[in-house]
Amino acid sequence: MDDITFRRTIYADPFTQDPEIIEAAKNDPKKQAFWEEVRAMETAIHSAMDIPVPDDLADKLILRQTMKTHQQNKRKSPWYIALAASLLLTSALTVGILTSSSGSLIGDVYAHIEHMDYESNKGAKVDLLSINNKLASYNGQLQDGMGEILSANYCYLNSIKSLHLIVKGENGLASLFVLPSQVAKDVDEQFANDKYTGKAFLLESAKIIIVGEDGQQVDDLAQRAKQLLNFSV
Amino acid sequence: MFGNKIDVSPVSTDMMTKQKRYEALVKALHADVFRYAVWLIKDRAIAEDVVQETFLRAWKSLDSLQDESAAKSWLITILRRENARRFERKQFDLVDIDDVSVSDPGASSDGHAENRQLRKAIASLSDEYREPIVMQVLMGFNGDEIAKQLNLNKNTVMTRLFRARSQIKEIMTGDQAVGVQKNG
């Protein structure tokens with residue numbers, strides 16, 4: 001193999017596996033020396049090309065892709081979907097506002113009276129003094145004659161602090177809730193689900209909610225509450 | 001010195017989410033792709049931008065990458081296309097880039113004198129010589145792969161590789177001691 005061909009081949013690919021080149025180098029120390037020199041230069045070239053890479057480049061590439069994908073997902077929704085979503089949100093909020101003070105509050109009432117048996121079985125009946133102490137925070141006062149009150153505890157109905165009285169009647173238990181009237185405005189006057197029936201009314205500065213399984217008993221308790229409970233404004 | 005040569009292992013694509021595949025691709029190849037971009041563009045800042053665009057485009061068409069072992073040349077193909085798009089977009093920048101940043105890859109202060117000198121020598125090669133040798137040395141492509149990337153026949157590629165090294169040698173020694181004719 002002539003020198004020029006040998007050198008051209010080595011220069012084009014210093015790590016060539018061409019058998020003719022390997023053979024030629026074996027038989028010619030000058031060619032061998034040339035090849036070694038080129039290989040050394042090649043190592044230096046590789047080292048020179050191995051320039052520093054910004055430390056955070058990989059993180060940036062991943063972050064940028066994540067952001068871009070996120071933006072595209074957002075942008076993919078056509079305008080009418082966005083409008084529909086907006087309307088849906090508005091109506092959900094509106095319904096939520098309209099129902100939050102009644103629907104979910106009454107829902108909380110039902111949830112509380114489900115635990116009524118447990119509360120009422122805890123001990124003896126509650127005396128009038130301790131009930132009036134608790135009613136004081138609503139500026140309220142109860143006169144004697146309400147009947148047997150088994151429990152008087154504060155509880156939260158839709159985040160509103162209320163006083164929950166469990167009253168024993170002829171046909172079982174009924175509940176009376178006392179709430180501040182200004183935060184419990186929109187409770188329906190009459191409400192019911194498949195188990196309980198209830199009514200709500202204003203007594204001066206308080207909102208009274210009465211709930212029980214027996215409609216007649218609820219009416220009776222409501223009557224007595226109107227007579228015996230006073231709330232100063 | 002020869003670091004960052006980890007190939008993406010042929011992990012079952014079924015098992016990997018697209019996100020995981022992408023992150024593996026970034027981690028394994030971002031350094032070499034970035035280096036390639038710097039040598040191609042000769043400006044670190046622009047190179048980084050083009051690498052960003054390259055990987056974004058890679059993400060979009062990641063499903064078309066069936067064979068992870070082909071990832072390197074796939075990314076270089078995308079990178080070269082993105083770089084060409086840059087010229088289409090900003091023709092006015094061309095002159096500035098060539099004038100200002102010609103020795104940028106060598107401008108880094110790391111490495112010893114020979115390294116810096118070699119970087120200048122490589123950077124001073126014309127594009128048609130610089131790109132094949134960077135593909136060969138940095139990316140580990142063989143003659144056929146380079147020919148495919150550059151849309152040239154293999155003989156032309158081998159000639160350009162030979163001339164690239166001849167010119168580097170000339171610059172480094174200041175003569176033609178290796179006895180290679182310039183027009184060979």
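The values are calculated or read from the model by the stated rules, or taken from the named source; none is laboratory data. Quick caveat, the model's predicted, so the values are computed rather than measured. So basically every Cβ, Gly included, is an ideal-geometry build from the backbone, and we count neighbours across all protein chains shown. Remember, those area values only see protein heavy atoms, side chains included, never the ligands or the DNA or RNA. Shrake-Rupley method; radii C 1.70, N 1.55, O 1.52, S 1.80 Å.
Figure the gain on full extension for B:Gln66 and B:Glu88 (residue separation times 0.36 nm, minus the Cα-Cα span) and round it to one decimal in nm.
Numbers: separation 22, 0.36 × 22 = 7.92 nm, distance 2.98 nm.
Stretched out fully, the B:Gln66 to B:Glu88 stretch lengthens by 4.9 nm.
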Rounded, prolate or oblate, given the Cα gyration tensor of region B:115-161, with a/c below 1.5 counting as rounded? prolate
Rounded to 0.05, the calculated FRET efficiency for the beta carbons of B:Lys20 and B:Lys148 at R₀ = 22 Å is 0.15
Across the residues of B:30-37, average count of Cβ atoms on other protein chains within 10 Å? 4
Note on region B:149-163: residues buried by at least 40 Å² of accessible area once partner chains are added (vs chain on its own, 1.4 Å probe) come out as B:Phe162
Assuming a ≥ b ≥ c are the square roots of the Cα gyration tensor eigenvalues, decide whether region A:106-231 counts as rounded (a/c under 1.5), prolate (otherwise, with a/b larger than b/c) or oblate. rounded
Reduced to Cα centres, the span from region A:137-168 to region B:23-90 in Å works out to 72 Å
Accessible area buried at the A-B interface, both sides summed, 1.4 Å probe (Å², nearest 100): 4000 Å²
What nm distance separates the two modelled labels at A:Asp186 and A:Lys226, each placed 7 Å from Cα along Cα→Cβ? 2.6 nm
Let me confirm one metric for peptide A:58-69, namely the mean number of other chain beta-carbon atoms within 10 Å of its residues' beta-carbons. 6
Order these peptides, A:216-225, A:44-53, B:132-141, by their mean beta-carbon neighbour count within 10 angstrom, highest first. B:132-141, A:44-53, A:216-225
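Over all residues in B:56-64, what is the mean tally of Cβ atoms on other chains that come within 10 Å of each residue's Cβ? Numbers along the way, then the final one.
Working: counts 5, 0, 2, 7, 4, 0, 1, 0, 0.
The mean count of partner-chain Cβ atoms within 10 Å per residue comes to 2.
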Counting only protein heavy atoms and rolling a 1.4 Å probe, one gets per residue an accessible area for region A:3-49 in Å² of 51 Å²
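Quick one: of A:Lys68/B:Lys42; A:Lys68/B:Lys72; A:Lys168/A:Lys226; B:Lys72/B:Lys154, which pairs are farther than 21 Å apart, Cα to Cα? Walk me through the numbers before you get to the answer.
Values: A:Lys68/B:Lys42 27 Å; A:Lys68/B:Lys72 23 Å; A:Lys168/A:Lys226 17 Å; B:Lys72/B:Lys154 19 Å.
Where the Cα-Cα span goes over 21 Å, the pairs concerned are A:Lys68/B:Lys42; A:Lys68/B:Lys72.
With the Cα gyration tensor of region A:3-49 in hand, give its eigenvalues times 5 under a square root as the equivalent ellipsoid semi-axes, listed largest first in whole angstrom.
Details: eigenvalues 74, 23, 15 Å².
Ellipsoid semi-axes (Å, largest first): 19, 11, 9.
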